[in-house]
Amino acid sequence: MKNKIIICAVIFCILATASAVFIACDNSGGLDSQSGTDKYGRKFGSYYDIDEYESGIYSIEYEIGDAGAMGKTMIGNYCYQDVKIAVSEDSITLTFYCKDKTFSDVKLDGNAGVSVEESDMYGYKFDIDREDLNEKFSMTGYVSMMKKDVAFSIKVDLSKARLIG
């Protein structure tokens, strides 16, 4: 009887640990949309092709490339799966978000991003050119646990831009 109780306790601890790891590795973005519509009548939270409009703030999923399986997993665990792209008549900015400071000092094409904090997210903001939106972005980030920079790329799917502001 005593062994059964110990086995049940061990199984409970394993399940609780697995649940905690699953929750901690949740990779859903923290970019929430407003409610209502914008000046073009577009509904916040809906998907739009950003090339059709001159302004807006979008949440866009990206695909990780140019990294090994371990690098992709690390980026997936420590960074949000969406980037924010803010489009105005004059400029376009891309913000890449990390969940904590374990993954930091993110650079795009060797240029350091401007560090920003929003809610529980740490981000790195970059000015980009409109014609570069269809290309993959070469990036690096410092992984504090490994004490080294990790190189990777991201590619956004502009046809799946979710309007958030």
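Looking at Asp90, Asp149, Asp127, which one is part of a strand (DSSP E or B), over 16 Å from the mean Cα position of the chain (by Cα) and at pLDDT below 90?
The match here is Asp149.
Return the only residue of Gly141, Gly76 being assigned to a helix (DSSP H, G or I), farther than 22 Å from Tyr53 by Cα and not hydroxyl-bearing (Ser, Thr, Tyr).
Working: Gly141 fails: assigned to a helix (DSSP H, G or I).
Step by step, each of Gly141, Gly76 is checked, and only Gly76 is assigned to a helix (DSSP H, G or I), farther than 22 Å from Tyr53 by Cα and not hydroxyl-bearing (Ser, Thr, Tyr).
May I ask you to verify whether Asp120 is in contact (Cβ under 8 Å) with a residue 24 or more places away in the chain, of a type in the set (Asp, Glu) and more than 30 Å from Tyr40 (Cβ to Cβ)?
Working: in contact (Cβ under 8 Å) with a residue 24 or more places away in the chain: yes; of a type in the set (Asp, Glu): yes; more than 30 Å from Tyr40 (Cβ to Cβ): yes.
Taking the combined requirement at face value, the residue satisfies it.
Give me the residue from segment 82-128 that is farther than 18 Å from Gly165 by Cα and of a type in the set (S, T, N, Q) and, out of that set, most open to solvent (accessible area, probe 1.4 Å).
By that ranking, first place goes to Asn111.
Please work out if Ile5 is of a type outside the set (D, E, K, R), over 24 Å from Ser153 (Cα atoms), modelled with pLDDT under 70 and loosely packed, with under 10 Cβ neighbours inside 10 Å. Walk me through how you get there before you give the answer.
Working: of a type outside the set (D, E, K, R): yes; over 24 Å from Ser153 (Cα atoms): yes; modelled with pLDDT under 70: yes; loosely packed, with under 10 Cβ neighbours inside 10 Å: yes.
So Ile5 passes the test.
When you go through (1) within 30 Å of Lys39 (Cα to Cα); (2) open to solvent by less than 60 Å² (accessible area, probe 1.4 Å); (3) of a type in the set (S, T, N, Q) one by one for Asn134, which number turns out not to apply?
(2)
The values are calculated or read from the model by the stated rules, or taken from the named source; none is laboratory data. These figures come from a predicted structure and were not determined experimentally. Positions of Cβ are generated from backbone atoms using ideal geometry, with glycine treated the same way; all protein chains shown enter the neighbour counts. Protein only, heavy atoms only, side chains kept; ligands, DNA and RNA dropped before computing areas. Shrake-Rupley method; radii C 1.70, N 1.55, O 1.52, S 1.80 Å.
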